[in-house]
Amino acid sequence: MEETTFLLMAINGVLAYSFYAVLVAGQLSLAQIGCAAVAAFTAVRFTPDDPLLGFIPRLLVAIAIGMVVGAVVALLIGLPVMRLRGVFLAIATLGFAEMARITLNNMSWTGGALGTRVEKLVTLPIAVVVLALVAYWFARQRRSRLGRALDAIREDELAAQAMGIDVARYRLVSYVTAGAVAGLYGVMYAYFTRFIEPNNFNFPAAVDGLVKAVVGGSVVFVGPVLGAVFFELIPEAQRAIGLEAGWIRPFLAGALLLGVIVFLPGGFASLIPSRRMGRVRQPAAGPIPASPPSTLAAADPGPVDADGAPELLRLRGWSKDYGGVHAVRDVDLEIRAGEVLGLIGPNGAGKTTLVNMISGFVAPSSGTGSVLGVALGTRPRADRIARAGVGRTFQHSKLFSRLSALENVLVGAHRVSRPTFLRRLVWLPSADRDERDALGRAWAQLDRVGLGDRADVRASGLAYGDQRRLEIARALAGDPQLLILDEPAAGMNHVEAAAVGELITSLAADGVTILLIEHNVRLVLRTCTRIVVLNFGQVIAEGPPDEIASNDAVIEAYLGADTTTAPSA
Amino acid sequence: MQQVVNGISIGAIYALFALGFTLVFSVLDRLNLAHAAVYAAGAYIGIELVGDAGLPIWAGIPLVFVAGGVLGVVIERIAFAPIKSRPDAHFGGLIASIAVGAMMIALLQQRYGPQTKRFPPDTFPNHRYEIGSVAVSLLQLVIIGVSLLLTLALWWLVNRTGLGRAMRAVAEDPHAARIVGIHVDVITATTFALSSGLGAVAGVLFALDVNSALLDMGYNIELKGLAVIIVGGMGSIPGALLGGMIVGLAEVLTIAHIGSTWRDVVTFGLLVGILVLRPQGLFGTRRARQV
């Protein structure tokens, strides 16, 4: 093989990494090729003819210009497409990339369709070093707090928000990273081929980069390198065995791509055995801090009631209408620190709607309120409320299904852990310490719910009851002051439900305030200190368990007329 | 006015192409990027039927539709069916259809060679009509007529027949559709067949219009088709028709008044503007997100 082949592998590997950067966060963006185009032409235009200050090599200057320009372009494209997901995001970003290409084509300073001559400055060693640096960047990202947040967003955006992850910000981080890497590719490409025209950065080029990232593997960091190497090897191999008819090459490339997609879902990288987190229990660095760093939870605890317990939540006149349906009507509710508040009511009573409003996923139609000092307005932010200290589980499990149990819980610790990526890049020991702290926290919560021996199992591979308990462990890992459990025992048999009841009691003993929504009335009566009953969106009763159990309105609305048998939903 | 007629005629081809795109998306929630390869295949098959087999064009077009339908089933079987139950099936299907599209183009090259292919000179009568200052060719009228007819037929099929009801049920919830006895696999294959049939006819009409077929002819219209379905609204049949017309007109008017090199900037500007301001498109409905 010639040197050019290796050079192409390295340079195309960089392009594949720019796609990898967004794919790890589940974002199918094709804007990178546009970033690369703008970056390449700008860098070629503005790089001086002599080394900067007499000693900084020109290629280095060009790379710096290209990466900055690529990142800025990605940011400018990323902001307006923030609302879009999936296919729509792909199409919009493709539209931007095509607009960038055609605009460059119409500019005189780029040489338009005639292109621009560029000096060849990129040699094989340079290209390999650049690729290695990019790969190193993503290798260190992987097990950082940033990497986990991106994993979480890829698996389930809503659940990521419930862990306190600012999804919009992290998505932008992934776009900007991709833009910078794409800019790097554009510059490398320009100073390698000696000649660039805007049409080098068209839709097929974007698809090429995407395909290399996907075929190599878009979840493991070596994937893009494998993809780039593979696609450069195909023509080499065909030449070697003498299959060179014009149509055979694209046909085989297509067939191989299809084969990889169908038979190797994780790309080539899935062939490399990798340690799934949770198989080996690492010793904790030191004693695990019992409570979260207080700066995070310093929110105003709100007014203090007669007993001296601060109010964590206060709602006044809360309503939610869906069209003509009043899901929640004029609800007043407060939760005091240390309580275990049960929220019960028949199906459709508005329990889950209320919980979704409290945790910031749904905006109320009217009413005022605050939770842990955060106002619950008309444009609530679930991640902000989670960061203030509200942890929750979902009625239908929202686990990060392709992450291991331990990794799920690690994401839950997002709120109480510190960013580690930049420190990991330079191997600062403090980053390692923080990571081990987070791991210790995660192990402790897994043990607490009894999943310590299944830490390395993928969340999707756990039994149903284990999944529900994993959700609780994940919410606990963020050290919440207020924990909302949305039907934690739904679908469990009575043994499992009893275990959940014990868990709730032990959490309450540790001082966690809990809001429990549950159909299993026996469980609620046994674990809660106070119960609120909702029917048709309105509060129909409120009081300690023994009062509720004998309240006529509740019995009529919920328990049914026959009071001699305790129902268990 | 002349520009408007030209714009509507090219827009009708875009609409027909986009109709197939949007049908698969609305029923199966998949984006089939091999659609552009079917479009090219439609053009080549049409030329072979007329040029080599000597069929008249009016018989060729229905046969192209059938051939496109067969290709659609093949695409569904080898690109989408094997991965349909995977969590990332959406994304995997996108890539798999790119792969199958590339394979189909390679096979077209094997069969027809890399050169441009043309219809025989007298394939289509070269009538032109003058209405005031506006010239309309018979071919333009046929293109517009066929597109309108097929759009109406598809709309009727989806909204007024049992097959259409089954398709809408699958679109709503494939699992529930299976439970009530709908043959989801048959509906899926039928949807792909219809979609690709429309794409192939769009290809043969375009090849008639410019009297040439090229291997990479699908690349340009693929981007246009995406713009059309976004502007009209993903999954909307009237939206695809109107979107096609809007994009066609925007292009022709841009060429006339701004310059041909800016043509696609306006198209993509339209696409991006709609996506940012009204992501559901002009006719689409927004899907609520679920907590």
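Please treat every number below as a calculation from the coordinates, not as lab data. All figures in this text were calculated on a predicted structure; none of them were measured in a lab. Note: ideal-geometry Cβ built from the backbone for every residue, glycine included; neighbour counts use all protein chains shown.
Among the complete DSSP H segments of chain A, which ones combine at least 24 Å of alpha-carbon extent along their axis with a mean Kyte-Doolittle hydropathy of 1.0 or more? Don't jump to the answer; show the numbers that get you there.
Details: long enough: A:3-23 (30 Å, 1.37); A:58-78 (29 Å, 2.53); A:86-105 (29 Å, 1.28); A:124-142 (27 Å, 1.39); A:167-193 (38 Å, 0.87); A:223-241 (27 Å, 0.89); A:429-448 (28 Å, -1.40).
Membrane-span-like by this rule: A:3-23, A:58-78, A:86-105, A:124-142.
For a Förster distance of 60 Å, can you work out the FRET efficiency between the beta-carbons of A:LEU52 and A:ARG436, rounded to the nearest 0.05? Efficiency computed from Cβ-Cβ geometry: 0.90.
The phi torsions of the stretch A:338-345, fed into the Karplus equation with coefficients 6.51, -1.76 and 1.60 and a -60° offset, translate into couplings of x, 7, 10, 9, x, 10, 10, x Hz, rounded to whole numbers, with Gly and Pro shown as x.
Only DSSP H runs of four or more residues enter the estimate; each adds -39500 (n - 2.57), and after division by the residues of chain A the mean residue ellipticity at 222 nm equals -15500 deg cm²/dmol.
Between the stretch A:83-104 and the stretch A:204-251, the C-alpha centres lie 24 angstrom from each other.
Annotation: peptides A:391-401, A:77-87, ranked by per-residue average of other Cβ atoms within 10 Å with the highest first, follow the order A:391-401, A:77-87. Modelled spin labels at A:THR5 and B:SER260, positioned 7 Å past Cα toward Cβ, are 4.1 nm from each other. Inter-chain neighbour count for A:206-216: the average number of beta-carbon atoms from partner chains within 10 Å of each residue's beta-carbon is 2.
Return the lysines within reach of B:LYS224: Cα separation strictly under 28 angstrom, same-chain partners fewer than 8 residues apart disregarded; answer none if there are no such residues. Filter leaves A:LYS212, B:LYS84, B:LYS117. Each label was represented as a point 7 Å from its Cα along the Cα-to-Cβ direction; for B:SER85 and A:ALA113 these points are 5.1 nm apart. Rounded to the nearest 10 degrees, the angle from helix B:162-172 to the longest Cα principal axis of chain B is 60 degrees.
Rank these for me by crowding, A:ILE548, A:ILE272, going from fewest to most other beta carbons within 10 Å.
Numbers: A:ILE548 25, A:ILE272 12.
Ordered from fewest to most neighbouring Cβ atoms within 10 Å, A:ILE548, A:ILE272 come out as A:ILE272, A:ILE548.
For the stretch B:3-13, 3J(HN,Hα) computed residue by residue from phi via the Karplus equation (6.51, -1.76, 1.60; θ = phi - 60°) reads 4, 5, 4, 5, x, 5, 5, 6, x, 5, 5 Hz, glycine and proline entered as x.
Between A:ARG83 and A:ASN106, what FRET efficiency comes out of the Förster formula 1/(1 + (r/R0)^6) with R0 = 25 Å and r the beta carbon distance, rounded to 0.05? Mind dumping the intermediate values first?
Values: r = 29 Å, r/R0 = 1.17.
Approximately 0.30, to the nearest 0.05.
Taking amide H positions as modeled 1.01 Å from N, with prolines and chain starts lacking one, the residues under 5 Å from A:VAL331 and 5 or more places away or on another chain are A:GLY317, A:TRP318, A:SER319. Highest-first packing order for the peptide set A:321-330, A:128-137, B:65-74 is B:65-74, A:128-137, A:321-330, based on the mean count of other beta carbon atoms within 10 Å. Only helices enter this figure: runs of n ≥ 4 DSSP H residues, each worth -39500 (n - 2.57), summed and divided by the residues of chain B, yield -23500 deg cm²/dmol at 222 nm to the nearest 500. The trypsin sites (Lys or Arg not before Pro) of the stretch B:90-122 meeting both criteria, a DSSP state outside H, G, I, E and B (loop) and at most 15 other C-beta atoms within 10 angstrom of the site's C-beta, are B:ARG118. Against the main long axis of the alpha-carbon atoms of chain B, helix B:57-75 sits at an angle near 30°. Shape class for chain A, computed from the alpha carbon gyration tensor (a ≥ b ≥ c): prolate, with a/c not under 1.5 and a/b above b/c. Ordering B:SER212, A:SER359 from the fewest to the most neighbouring beta carbons within 10 Å gives B:SER212, A:SER359. For A:ALA363 and A:GLN538, a Förster radius of 22 Å and the Cβ-Cβ distance give a FRET efficiency of 0.65, rounded to the nearest 0.05. Taking the C-alpha atoms only, the angle from helix B:184-210 to the longest principal axis of chain B is near 10 degrees. Spin-label model, A:TRP427 to A:LYS120: label points 7 Å out along the Cα-to-beta-carbon direction sit 3.6 nm apart. The mean number of Cβ atoms from other chains found within 10 Å of a Cβ in peptide B:81-93 is 3, as a whole number. Using a Cα-Cα cut-off of under 26 Å, which lysines could be cross-linked to A:LYS351, ignoring same-chain neighbours fewer than 8 residues away? Qualifying lysines at Cα under 26 Å: A:LYS320, A:LYS398.
Would you mind classifying the stretch A:31-181 by shape? Square roots of the alpha carbon gyration tensor eigenvalues, ordered a ≥ b ≥ c; an a/c under 1.5 is rounded, otherwise it is prolate if a/b is larger than b/c and oblate if not.
oblate
The relative contact order of the stretch A:311-559 comes to 27 percent, based on Cα pairs under 8 Å that sit 6 or more residues apart.
Shown for B:THR151, A:THR42, B:THR22: other C-beta atoms within 10 Å of each C-beta, ranked fewest to most, produce the order B:THR151, A:THR42, B:THR22. Can you give the longest stretch of chain A with no exposed loop site, where a site means GluC sites (Glu not before Pro) in a DSSP loop (not H, G, I, E or B) with at most 10 other C-beta atoms within 10 Å? My reading of the result: A:245-569 is the longest stretch. Within 10 Å of the Cβ of each residue in A:88-100, the mean number of Cβ atoms contributed by other protein chains is 6.
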